[in-house]
Structure formats: structure tokens, C-alpha cells
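The values are calculated or read from the model by the stated rules, or taken from the named source; none is laboratory data. Since this is a predicted model, take the numbers as computed values, not measurements. Neighbour counts run over all protein chains shown; Cβ positions are idealised from the backbone, glycine included. Only protein heavy atoms, including side chains, enter the accessible area calculation; ligands, DNA and RNA are left aside. Shrake-Rupley method; radii C 1.70, N 1.55, O 1.52, S 1.80 Å.
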Amino acid sequence: MIKNYFIIAIRNLIRQKGYFIINLVGLTIGLTACLLITFYVIDELSYDKFHEKGDRIYRVGYQYKAPSGEVYKFPVTEYKFKEAFESYYNQIEDFVRINSQTSSFYIKYQNNKFYEEGISLVDSTFFDMFTFKWVMGNKKTALKEPFTVVITESIAQKYFGDSIPIGKNLEVFSETGKVEVKVTGVIENMPKNSHFHLTILGSMTTGKYMY
């Protein structure tokens, strides 16, 4: 019985080749589009899900009402907002500042000099709040002191090769001159499904000397 069904189906396909091809192409395009949309949605929903404390992390912003009546919203706050915010709300477990705009500088170590992007200052508690895999160093103390940095594996390989980078100094060149920073930690490259992609993280205490 099943064999007869197959024979009849094949005969119909042979008789109506054009109709069959149109249906097949339409079905293929539909399934492909559906799969692409599904993969896109899954990827979008996966962002920052790897943070163990993600369900308790909130980004603080502020809104400004202009004299004209227009309301502007910004996903950033002022540099010294941390102390004021913590003094009003005792429910806060922790508070981390991340420089709102990542910077780009020339970085040098011995004969290796490259232009690097994704450089930012963060509070020392950054790694208590956000979950990134450590390769070397102590995440509790890595960014306590000014002029200390945590770098990703790709940066470590680029400048130091197979040697241990902990305790070594990188030279950072900016418009205002040159400064040396000490490498105190190495983390794995930040995942693609993270909403920020930093390569060099400097201690926020350095900001007191910079700004």
C-alpha cells in the first residue's frame, strides 16, 4: 500500500515539475528564514546571561528635562554619583562604575607597540559583579591600586607571548603624555554575547590622577 502511494506521488511530481519546483523552493526559503530568525532571537536573548548575578544587576541612568519641556534620557551617570547613591539606598549590595566611553591608546611593551581599542576604567569590584573567567591574578585585589590593569588573553599574547605578564609594566601613550601601568591580572577574552567588549581594564582609582 505504501509503495503504491510513493509511485503515485512520483508520477504526479513528474507530470507537474514546475508546480513541484515552485513549492519546493518556497518551502526551502520559508524554513531557512524561520531558522535564521530563530538563531538570531536565541543569540539576542543570550546576551549577558553568563553573569552569575545577572538577575540582580541593574544599570543606572538619569533623565534631564530641558527648559523647553523636552525630556532626555541617558544610560550614564556622573563620576561621583556612586557615593551619593549608596548613601540614599542601603539595599545596594555593590556598585560598579565603568567609564562610559571606551578609549583607544597606543600601548607599548619593549619593542611591541600597537593601537588598542576597548580600554576602560572600572571599579575594583567589577569582577565581583560580572562573571569573567580568570587566567592569572587575584580578582579581589587586582584593581585596588592606581595605575594597575587587567588584560585579556589576546592582549597578553600580543605583548608578552608565552611569558607571564603579571607584574610587568605597559606604557600607555595619550594626548597628555605617557604613563606606565602594571599588569595585575589576565582574563579570558570577553564573550561575543556580552554588551561590552573590553580588552584592557584599568583601576578606577587611576581616574583621580587622570581627571
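Dividing the mean sequence gap of close Cα pairs (under 8 Å, 6+ apart) by how many residues the chain holds gives a relative contact order of 20 percent. Under the convention that each Lys and Arg Cβ holds +1 and each Asp and Glu Cβ holds -1, the size of the dipole of segment 116-211 around its Cα centre is about 220 debye.
The GNM of the chain, with springs linking C-alpha atoms under 10 angstrom apart, assigns the highest mean-square fluctuation among GLU175, GLU117, GLU86 to GLU175. For the chain, the membrane-span-like helices by this rule, meaning whole DSSP H stretches whose C-alpha atoms cover at least 30 Å of axis and whose Kyte-Doolittle mean is 1.0 or above, are 17-45; this says nothing about an actual membrane.
For the chain, the mean residue ellipticity at 222 nm estimated from helices alone is -9500 deg cm²/dmol, where every DSSP H run of n ≥ 4 contributes -39500 (n - 2.57) and the total is divided by all residues, rounded to the nearest 500.
Per the Debye calculation on the chain with a single equal scatterer at every Cα and no solvent contribution, log₁₀ I(q)/I(0) for q = 0.11, 0.17, 0.18 Å⁻¹ amounts to -0.67, -1.25, -1.32. Comparing ARG97, ARG15, ARG56 in a Gaussian network model of the chain (Cα springs below 10 Å), the most mobile by mean-square fluctuation is ARG15.
Ordering 103-115, 39-51, 59-71 by mean Cβ neighbour count within 10 Å, with the highest value first, yields 103-115, 39-51, 59-71. In the context of the full set of protein chains, the chain has a per residue accessible area of 71 Å² (1.4 Å probe). Take each peptide in 120-126, 192-198, count the other Cβ atoms within 10 Å of every residue, and average; sorted highest first, the result is 120-126, 192-198.
Listed cross-link partners LYS65/LYS208; LYS80/LYS144; LYS82/LYS133; LYS82/LYS108 are compared with a 21 Å cut-off, the Cα-Cα value being larger for LYS65/LYS208; LYS82/LYS133; LYS82/LYS108.
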